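Notes to accompany the following structure.
Taken together, the values in this text are just the output of simple stated rules run on the coordinates, not laboratory data. These numbers were taken from a predicted model, which means no experiment stands behind them. Cβ: placed from backbone, ideal geometry, glycine included. Neighbour counts: every protein chain shown.
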Amino acid sequence: MENYKILCLVGEGSFGRVFKVKKRDTKEIVALKIIRKCGRTQKELTSLRSECEIQQHLHHRNIIQMINSFETETEIVVVTEFCKRDLHYILSKQTYLSEEVALPIICDLISALYYLHSNRVLHRDLKPQNVLITEEGVAKLCDFGFARSMSRGTHVLTSIKGTPLYMAPELIEESPYDHNADLWSLGCIIYEMLVGAPPFTTNSILQLVRMIRYEPVHWPLYLSPQCRDLLQGLLHKDPSHRLSWPRLLKHPFLQGKVSDLSASGVSLPLTKELSASQALAKESQKQDLVHKAEVANQGLPQKIQHILDKEKKLLRGDGLTAIDLETLEQKLSRLQTVEPQVTEPEVTTVSEATQDDPPSETDSERMATPLEAEEWLVFLQQSMMEVMQGDVESMSEKSFITMVTNALTNHGAAPKITEYIACLLALPYVAPGVTKSELRTITKVYIEVKVVSSLMFALKLLTNRAGCSASHDSVSEHSKVTVDQLLALERVLVLVNQLVHSDQVFLSQFCDVVALLHLAPRLHLLLNFHKSKPRLALDLVSILTHILRQMPENANLVDNCVQPELSTGIDWHLVLKFGNKTLQTRTCLLLQLMARYCTQTVQSAWHIKLHRYIDALRFDSSQDLRCAAEDVIELVQDLPFFDQISSQLDDELL
Ligand code: ADP
Ligand code: MG
């Protein structure tokens, strides 16, 4: 580091900070990207290093040249050529560019992407922020490769942290994807350059996701027919109909201006049209991957068991020093048996699978080492102690909270780590001595870092381990959830419930992430856990009620959680019969609002036994429950389908 003199900070992205620096010996101006190692697993670091390796071998006029990379104790540093500004900055100043002015930039981008794809490298994060423009007006791609080192779910999440404005529909749907996803993003960037805004924009991520998946692109009349034709080809929602490389290069809008189509020595570049048999093979490979992912999901518990056995041997005799603090005592005792980390099976993408990559990492490689897990737990405890003693300084720091929530989204994190993190994040709200203004600052940081999104991502990972997937869930799965997973799930939902009630922004973040990560079937599954873990159902029912009360426009989200596609709805009669008074009262409150906003779902859930049960609750000893039950009956009696129920009731009386 001492070889460089830092001149100024030029950018900050999701991975690190980028500085303009001067090399002390040659006086050369270069850029330094500094990525902090803290909070990353060994696996992530290994991956980042190998990405540096890949980047070092890429040489193209339209790709930022990497010069060097090195590591300090705490950071990975990448040295690249320096560029004055990025396209995002230019568009923020000029709003939009004429086709004539944009054309050279478009050709540069196509040339760069052609080079990457013919070398079998996907970018996966194309956006104006990652397009740099030199003083001579040459466009250069930066920040590629790193996205590849992330697991898929994390990639979606990183985008939630930004906005998935440029993300292809297949990426949003978490379907297998290939280089065509980059061509979609390229289409979005070109569109934004010419029109002044990306093809789909809105402040709500939930809405954005809906638009990207289902809505047609709006075509301003001033676009030339050739330009519009090119964009229509790139912005095809179905990746198999998107413009292919050979057709793209010949497109009349580009007038043969794309230069520097460097030939690659790779035997199967992604830029060549597939033959009929290759296309068939690819399709069947895609199907196979989907199938494998499903099988892997189903087969996980056994795998968990296997890893458990292996890890226990490693951990034996590795006890930790207990820290004496009454409220944390119980947690501490559990530290003696630190659980191993269990990973989610990753859906390998077609492109990755066909590359000459080494086979995907084995489970042991993808896990944090036990030592790392222990260190984390001790660190989290110490942080909890600080908060208990009234010191919330680190909890108000964005970088600290980012680091902690990053660990939540780590596929290798043990349930215990998730549980502890949720405890730590909840602590400022209950610990003595935290002032209102401190709490306000902390809430602001939690909103900015999107703590709720990360918590819900952790919930997804925890339920993956439970052996369910978005498309495949069933009530019988609870037997597969371990005690630790349940504890972690409970902690996560308690905190999410607390947050969504404390601030409307958390609530809307919750709705966004549930839609984006397809979490409704998971939440449905957890609602069915009311017997083993009534607390889970309690918090969920309370969150769903709050959505209907505050944001009834998201009622379909509640519908989906209560009765997801391909699944029978919740049997509220069983939930009520379980006999927990608080759960009964909250369920009645939810049913009241559902009668108003989710009429269809209420109709299909309503049956005579349920009706009679709620009718009886009108005479319960608890006044709250009596009133809530009374209101449900009153509202339901006004619904059109009720005639049927009432005639059944009459029949019974006869
Ligand atoms: P991240 O992976 O964190 O998004 P990037 O590599 O995209 O990091 O860098 C973040 C920002 O820093 C970019 O959007 C850009 O504005 C600026 N930047 C990155 N590389 C350079 C460079 N070589 N020269 C000048 N600015 C750069
Ligand atoms: Mg970037």
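Taking 27 Å as the cut-off for C-alpha to C-alpha distance, list the pairs among Lys416/Lys436; Lys93/Lys140; Lys5/Lys127; Lys33/Lys237; Lys20/Lys43; Lys581/Lys609 that go past it.
Over 27 Å apart, Cα to Cα: Lys416/Lys436; Lys5/Lys127; Lys33/Lys237; Lys20/Lys43.
Normalising by the residue count of region 573-654, find the relative contact order in percent from Cα pairs under 8 Å and 6+ residues apart.
Normalised by residue count, the contact order of region 573-654 is 32 percent.
Can you compute the modelled spin-label distance between Thr72 and Leu261, with each label point 7 Å from Cα toward Cβ, in nm?
For Thr72 paired with Leu261, the spin-label model returns 4.5 nm.
Distances over 19 Å make up what percent of all Cα-Cα pairs in region 564-623?
For region 564-623, the fraction of Cα-Cα distances above 19 Å is 27 percent.
I need Val217, Val632 ordered by Cβ neighbour count within 10 Å, fewest first.
By the 10 Å Cβ count, ascending: Val217, Val632.
Expressed in nm to one decimal, what extension gain is obtained for the pair Glu397 and Ala279 from 0.36 nm per residue of sequence separation less their Cα-Cα distance?
37.4 nm
In percent, how large is the relative contact order of region 1-96, given Cα pairs closer than 8 Å and 6 or more residues apart?
Computed value for region 1-96: 22 percent relative contact order.
Just to be sure I understand the model, the point goes 7 Å from the Cα along the line to the Cβ. What's the resulting Leu9 to Cys38 distance in nm?
1.5
Sort Met193, Met551, Met384 so the one with the fewest other Cβ atoms within 10 Å of its own Cβ comes first.
Ranked by crowding around the Cβ, least crowded first: Met551, Met384, Met193.
Please give the length that would be gained between Asp238 and Tyr222 if that part of the chain were fully extended, namely 0.36 nm times their separation in residues minus their C-alpha to C-alpha distance (nm, one decimal).
In short, 3.2 nm is gained.
If we count every other residue with Cβ under 10 angstrom of Val30's Cβ, Lys/Arg +1 and Asp/Glu -1, where does the sum land?
Its environment carries a net charge of +1.
Suppose R0 equals 51 Å. What FRET efficiency, 1/(1 + (r/R0)^6) with r the Cβ-Cβ distance, do Lys581 and Glu215 give to the nearest 0.05?
Plugging the Cβ-Cβ distance into 1/(1 + (r/R0)^6) gives 0.65.
Compute the FRET efficiency between Ile29 and Val483 as 1/(1 + (r/R0)^6), taking r as their Cβ-Cβ distance and R0 = 45 Å, and round to the nearest 0.05.
Calculated transfer efficiency: 0.20.
Report the charge-dipole magnitude of region 532-637 in Debye, nearest 20, computed about the Cα centre from +1 at each Lys and Arg Cβ and -1 at each Asp and Glu Cβ.
Magnitude of the dipole: close to 320 debye.
Between Asp503 and Thr95, with labels modelled 7 Å along Cα→Cβ, what's the label distance in nm to one decimal, could you check?
Roughly 3.3 nm, to one decimal.
Where Lys and Arg each count +1 and Asp and Glu each count -1, what net charge lies around Gly579 among other residues with Cβ under 14 Å from its Cβ?
Net of charged neighbours comes to +3.
I'd like to compare 516-523, 39-46: which one has the highest average count of other Cβ atoms within 10 Å, and what's the full order after that?
So the order, starting with the most tightly packed, is 516-523, 39-46.
Of Leu58, Leu593, Leu493, how do they rank once you tally other Cβ atoms within 10 Å and put the fewest first?
Ordered by Cβ neighbours within 10 Å, fewest first: Leu58, Leu593, Leu493.
For Leu165, what is the net charge nearby, where nearby means another residue's Cβ is under 9 Å from its Cβ and Lys, Arg count +1, Asp, Glu -1?
Within the 9 Å Cβ shell, the charges total 0.
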